[in-house]
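Everything on this sheet refers to the single structure shown next.
Each value in this text was obtained by applying a stated rule to the coordinates, not by laboratory testing. Owing to the predicted nature of the structure, the values given are computational and were not obtained by experimental measurement. Reconstructed Cβ throughout: ideal geometry from the backbone, glycine too, with neighbour counts over all protein chains shown.
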């Protein structure tokens, strides 16, 4: 056990950028005892929904603390910088564009929200395009160091915070309508919805159960109906074959190709509609 404050940090700045290190330096200069953990800085540039989803899947595994997140295509515009307090006791700091909301829900929901308007908690000089360094990082570090939540700026109504709703899955006519929510570095496709949606549509998901994956025409790929089993791991199907499984990292149903990329082989992109039916 330790009394050191905890800060998690996530951006779309890219792994080859110095920006994450600069922001970490700002935070550690203000809160030198903080334990600072990077969620990822490899979010696709401007991919707000990817960032929101990955942050929400990560924060429940962290200690109670401050979570600084920056996917901010509207930086420098009228969008507000905000901080949210979650029911678990965490603070989330970032742009008011919906990025923080699913993570706050994963931590029990938003119990309070504030606009970041106290410039005493910002860096002395604030740019138009690097609020991650100049506003979000210093405010997050001050909160981690014990600054009162009320000190960051005026209160906002929870209903004033910009919302972000992730795509859902819909049971219909004996099947399940879903879509590609996220594509990971291996080309595995996390599907919209939860494993419980499969159970709602099909009953208990017995190991090895066969389904038909129904895909629309897309680019050079014709419409297709592809048999796919529900299995525990990749090696249960032949190399190059498709499978459905529960993704342990992203906590929900996913489509993969054993030793291949489902996105490339099947011609899938974000939001490609997918229907599952019993085989």
Tell me the relative contact order for the chain as a rounded percent, counting alpha carbon contacts under 8 Å between residues six or more apart. 15 percent
Any chance you could give the angle, 0 to 90 degrees and rounded to 10, that helix 19-30 forms with the longest Cα principal axis of the chain? 40 degrees
Restricting to the stretch 170-278, what percent of DSSP beta bridges are antiparallel, rounded to 5? 95 percent
Relative contact order, percent, of the stretch 118-220 when contacts are C-alpha pairs under 8 Å separated by at least 6 residues? 16 percent
Determine, from the Cβ-Cβ distance of residue 196 and residue 128 and an R0 of 35 Å, the FRET efficiency 1/(1 + (r/R0)^6), rounded to the nearest 0.05. 0.20
Sort 259-266, 4-11 by the packing proxy (mean of other Cβ within 10 Å over each peptide's residues), most packed first. 4-11, 259-266
Distance between Cα centroids, the stretch 201-260 to the stretch 150-193: provide it in whole Å. 21 Å
Ranked output for segments 134-147, 187-200 by mean other Cβ atoms within 10 Å, highest leading, reads 134-147, 187-200
In terms of the Cα gyration tensor, with a ≥ b ≥ c the square roots of its eigenvalues, is the stretch 6-160 rounded because a/c is under 1.5, prolate because a/b exceeds b/c, or oblate? rounded
Considering only DSSP beta bridges with both partners in the stretch 1-141, what is the antiparallel share in %, to the nearest 5? 45 percent
Rounded, prolate or oblate: which fits the stretch 103-169, taking a ≥ b ≥ c as square roots of the Cα gyration tensor eigenvalues, rounded meaning a/c under 1.5, else prolate when a/b beats b/c? prolate
Pairing the Cα long axis of helix 48-58 with the longest principal axis of the chain, what angle in degrees results, from 0 to 90 and rounded to the nearest 10? 90 degrees
Once you keep just the Cα pairs under 8 angstrom separated by 6 or more residues, what percentage relative contact order results for the stretch 170-278? 37 percent
